[in-house]
Amino acid sequence: MTVCGVELSGSDAVICLLNMDRGQFNLPDCKVRKLSLPKNHSRDDLKQFQANFAELQADYGVTHVAIKERMPKGKFAGGAISFKMEAAIQLITEPELTVTLLPPTLIKSTLASNPLPIAFADTGLKAFQEAAFTAAYVGQLAGQ
């Protein structure tokens, strides 16, 4: 099972791919680290974002998307654009693609009972991908 972890931040969808092969986690090479939606976007821009995201998932054989959930209000509330991107991802009509929102409490409890098998610094990923990596890891465990 290949999982795409997603952190929605501002107008970017930061991604990290993770799969499990014979009990070992792998980070497949992926040319794309984030997909963006212009701040002053049109309906066509949103549809293009959705198409690009769906194409990326198909290209890498992703079966599950795990999105780190953002709070709707409060200090750490997500912005309007990020909620649009989340909806666009959730509405992808590929029948073999499952999309899950991961609440911060679930991420925290999962990491407490199943710590990351590798330090993030040793993954070779960019620092801004850490939350997407964590979402992919928790999504991989939740999808087993």
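The values are calculated or read from the model by the stated rules, or taken from the named source; none is laboratory data. The structure presented is a predicted model; accordingly, all values stated were derived computationally and were not measured. Note: ideal-geometry Cβ built from the backbone for every residue, glycine included; neighbour counts use all protein chains shown.
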Problem - Those residues of region 1-36 which are in a loop (DSSP other than H, G, I, E, B) and in contact with a strand residue (DSSP E or B) (Cβ under 8 Å, 6 or more places away or on another chain), in sequence order - result: 1, 11, 27, 28, 30, 32, 33
Handout entry: region 63-111: number of residues that are over 17 Å from residue 14 (Cβ atoms) and acidic (Asp, Glu)
Key = 2
Completion exercise
Checking 106, 8, 102 in turn, the sole residue that is touching a Gly at 6+ places or on another chain (Cβ under 7 Å) and closer than 16 Å to residue 141 by Cβ turns out to be 102
Completion exercise
Exactly one of 97, 102 is modelled with pLDDT under 95 and of a type in the set (A, V, I, L, M, F, W, C), and that one is 97
Exercise for the section: Output yes when any residue across region 60-69 is among the basic types (Lys, Arg) and out of contact with any helix residue (DSSP H, G or I) (no Cβ under 6 Å at 6 or more places or on another chain), and no when none is. Expected result: no
Practice task
Just name the residue that is surrounded by the most Cβ atoms within 10 Å (Cβ to Cβ) out of those in region 99-134 that are within 12 Å of the chain's Cα centre (by Cα) and not in a helix (DSSP H, G or I).
Solution key: 102
